[in-house]
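In what follows, a single structure is set out as structure tokens and then discussed.
The values are calculated or read from the model by the stated rules, or taken from the named source; none is laboratory data. These numbers come from a predicted model, not from an experiment. When we count neighbours, we look across all protein chains shown, and the Cβ atoms used for this are built from the backbone with ideal geometry, even at glycine.
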């Protein structure tokens, strides 16, 4: 199952669940289907509709009670339990029987990502399932006011990026609560981190703090040498900031490169072998199909029945006119299509009278048993006529049998059909595809019998 999504991680209190709830609201507005998964066994209050919850499998409270563990040990035990029962998660996703953008709320304890490889193995399993995920690491923006804490936050983000080995976006949450006028540098500095040594310079020069300052300076050298960490500010109250982060996440996990669904895959012309990719803007597409068939049968040396022949000709013209306008941020496209199809079918089929002596006898018995006297007498007369004709033909000389070949047909079927189809399809962000279709047909079929 090929799915895209976000893996939401971060320290407790950073706003993971709030971010997930805001993300669900945003995707609902733009018409993107979602699958929400809570993998935090300590999160007993989920502020969004959760399709799959790890607490159905195990909770931190149960692990603490039955295994006599503390909170952190119980959380680690729960993640190991999930890894051993990882097929449970795949079963739950398949049971939903839907495709959607994954939003996975992860536990927040840092030691799960730094000193334990359980979550790394779980994410590796996601990769085997062809889940294309981008990690969203959330950090509280209040920490940027303290240089020492902010350096620690950067190191935590860097260590998680290295350990998880998935695309990662580092995010400063609650940006709306931050007083930027009290910051020592412009807020852009904390987003791009051009030189973290400036953070070490902000520490107190008191002799008691010099060792701590030197250590911070060395850690800043490590951060600058990697050059991997930048931050994106968000506030769930700001749609513009949320849209920018969604766009970056879609680029990171590859969702932005997936073509939107072509409506012609839903209402494709019958008979078309390969769907045609939808161009951007106004387009016209046409297709013509033709089919010719014939049959001819000559009796063999022991069968002097009539010659059989037939032929058919089929023509179908199909066109699609419309316009296609892709939308940003993975939204459904605006798609309007007018579909028209016209089909003509002509057929001529000849064959001898198929009724044999056995068929006439069976029909006579049935009608004499269930039908009125008149129908019974008619079927009896038909039976004796066919039987006598067969006996006469069996005793006739060979030249009369050969002359029978000139009886090209004893019955013919002529068919002239014409049908016209007209359909309209429309879709837009937040609107399921709407379709209308009508069919008008004219059928002309004639039977010709020669005795």
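Would you confirm whether any residue within region 40-47 is surrounded by fewer than 17 Cβ atoms within 10 Å (Cβ to Cβ), over 23 Å from residue 244 (Cβ atoms), touching a strand residue (DSSP E or B) at 6+ places or on another chain (Cβ under 7 Å) and in the same structural domain as residue 135 (by TED's automatic domain parsing)? Even if it seems obvious, please write down each step before you answer.
So in region 40-47, the residues surrounded by fewer than 17 Cβ atoms within 10 Å (Cβ to Cβ) come out as 44-47.
With the extra rule that they be over 23 Å from residue 244 (Cβ atoms), the set shrinks to 44-46.
When the remaining residues are screened for being touching a strand residue (DSSP E or B) at 6+ places or on another chain (Cβ under 7 Å), the result is 46.
Checking which are in the same structural domain as residue 135 (by TED's automatic domain parsing) leaves us with 46.
Yes, there is a match, as at least one residue in region 40-47 is surrounded by fewer than 17 Cβ atoms within 10 Å (Cβ to Cβ), over 23 Å from residue 244 (Cβ atoms), touching a strand residue (DSSP E or B) at 6+ places or on another chain (Cβ under 7 Å) and in the same structural domain as residue 135 (by TED's automatic domain parsing).
Identify all residues within region 185-195 that are touching a helix residue (DSSP H, G or I) at 6+ places or on another chain (Cβ under 8 Å) and either modelled with pLDDT of 85 or more or closer than 24 Å to residue 13 by Cβ (or both); write none if there are none.
187, 190, 193
Could you say whether any residue in region 97-119 is more than 28 Å from residue 13 (Cα to Cα), free of Cβ contacts under 8 Å to residues at least 24 places away in the same chain and within 21 Å of the chain's Cα centre (by Cα)?
Scanning region 97-119 turns up at least one residue that is more than 28 Å from residue 13 (Cα to Cα), free of Cβ contacts under 8 Å to residues at least 24 places away in the same chain and within 21 Å of the chain's Cα centre (by Cα).
What is the residue count in region 85-107 for residues that are in contact with a strand residue (DSSP E or B) (Cβ under 6 Å, 6 or more places away or on another chain) and buried (at least 20 other Cβ atoms within 10 Å of the Cβ)? Reasoning before the result, please.
Let us first name the residues in region 85-107 that are in contact with a strand residue (DSSP E or B) (Cβ under 6 Å, 6 or more places away or on another chain), namely 92, 100-106.
Now drop any that are not buried (at least 20 other Cβ atoms within 10 Å of the Cβ), which leaves 101-106.
Result for region 85-107: 6.
Could you check region 434-450 and list, in sequence order, the residues that are at pLDDT below 75, surrounded by 12 or more Cβ atoms within 10 Å (Cβ to Cβ) and in a strand (DSSP E or B)?
The answer is 448, and nothing else.
Output the helices (runs of 4 or more DSSP H) that fall wholly within region 68-174 and possess 3 or more residues being over 19 Å from residue 245 (Cα atoms) and modelled with pLDDT of 90 or more, or say none.
Those helices (runs of 4 or more DSSP H) span 71-84, 86-96, 118-128.
In region 48-66, what count of residues is obtained for those that are at pLDDT below 90 and in contact with a helix residue (DSSP H, G or I) (Cβ under 6 Å, 6 or more places away or on another chain)?
So the count comes out to 1.
Check 21, 14 and return the single one that is part of a loop (DSSP other than H, G, I, E, B), buried (at least 18 other Cβ atoms within 10 Å of the Cβ) and either outside the structural domain of residue 232 (by TED's automatic domain parsing) or out of contact with any helix residue (DSSP H, G or I) (no Cβ under 7 Å at 6 or more places or on another chain) (or both). Working first, answer last.
Values: 21 fails: part of a loop (DSSP other than H, G, I, E, B).
Of the residues listed, the single one that is part of a loop (DSSP other than H, G, I, E, B), buried (at least 18 other Cβ atoms within 10 Å of the Cβ) and either outside the structural domain of residue 232 (by TED's automatic domain parsing) or out of contact with any helix residue (DSSP H, G or I) (no Cβ under 7 Å at 6 or more places or on another chain) (or both) is 14.
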